[in-house]
Amino acid sequence: MNILLIEANQKLYESQGKLNHLLFTQAKKYFSQPMNQVIESCISNDNWDIQEEINKLKQADLIIYHFPLWWFGAPNLLKKYFDEVLQYGEIFVMTDIYGEGGLLNGKKFMLSVTSNMSKSDFGCAPIMKNIKNIDEILTQAILTNKYIGIKDQLPTFHADNVIKGDTSELGNSYLQHLTNLAL
């Protein structure tokens, strides 16, 4: 299986993207097996070759995005990556039925997200009283993948409460999540 790992760490504040890098590294170790080819895209430096990234997306069977949740969405580098790399004619085409022109059919994707919100905030915190889970916040990233033809979403990994909480077991929790996927 060809696994594309995308690391979208914007280094801001004191965190410097360390937790997302840890998760990216854990996924790289986990998938580095003889039957897999791990392909990496570190877009954190805001410097990528568009055609190279298009080729990586086409080659991948599974794409895993690693990013922090910022203001209830992906950081602007991931949005910029989508804007520049998801090219008409290469990744999607227009069709009579909106959203059905994706050219990356038969692939899977997964989101690995860190945030400072707690899972207990879903449905309880006043601004999140109608939000049941992290995927309801990650709609843009999910719909973007479905629009380009990647309809099969694996369960999202959400590392919550990362600023106030204990993150010492984060790497092990992510490895367990990947193991539970049974790929």
> Of the residues ILE54, ILE64, which is under 23 Å from ASN2 (Cβ atoms), in contact with a Ser or Thr (Cβ under 7 Å, 6 or more places away or on another chain), modelled with pLDDT of 90 or more and of a type in the set (A, V, I, L, M)?
Replying inline: ILE64
> In the stretch 49-96, which residues are more than 24 Å from LYS28 (Cβ to Cβ), among the aliphatic types (A, V, I, L, M) and within 15 Å of the chain's Cα centre (by Cα)?
Replying inline: none
> In the stretch 152-175, which residue that is at pLDDT 95 or above and out of contact with any helix residue (DSSP H, G or I) (no Cβ under 6 Å at 6 or more places or on another chain) is farthest from LYS29 (Cα to Cα)?
Replying inline: ASP152
> Which condition number does THR167 fail, the rest of (1) more than 19 Å from the chain's Cα centre (by Cα); (2) more than 22 Å from ASN9 (Cβ to Cβ) being met?
Replying inline: (2)
>> Of everything in the stretch 103-115, what is under 23 Å from GLU7 (Cβ atoms) and either more than 17 Å from the chain's Cα centre (by Cα) or among the hydroxyl-bearing types (Ser, Thr, Tyr) (or both)? Give them in sequence order.
In response: SER112, THR114, SER115
> Across the stretch 52-101, which residue is surrounded by the fewest Cβ atoms within 10 Å (Cβ to Cβ) among those that are of a type in the set (Ser, Thr, Tyr) and touching a residue at least 24 places away in the same chain (Cβ under 8 Å)?
Replying inline: TYR81
>> Here is a check on your reading of the model: is ILE148 among the aliphatic types (A, V, I, L, M) and surrounded by 19 or more Cβ atoms within 10 Å (Cβ to Cβ)?
In response: yes
> Scanning the stretch 10-42 for residues that are in contact with a Phe, Trp or Tyr (Cβ under 7 Å, 6 or more places away or on another chain) and farther than 18 Å from LYS108 by Cα, which turns out modelled with the lowest pLDDT?
Replying inline: ASN20
> How many residues, within the stretch 135-171, are closer than 20 Å to ILE3 by Cβ, assigned to a helix (DSSP H, G or I) and polar (S, T, N, Q)?
Replying inline: 2
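The values are calculated or read from the model by the stated rules, or taken from the named source; none is laboratory data. If you're wondering where the values come from, they're calculated on a predicted model, not measured in any experiment. Every residue, glycine as well, gets a Cβ built from its backbone with ideal geometry; the counts of neighbours run over all protein chains shown.
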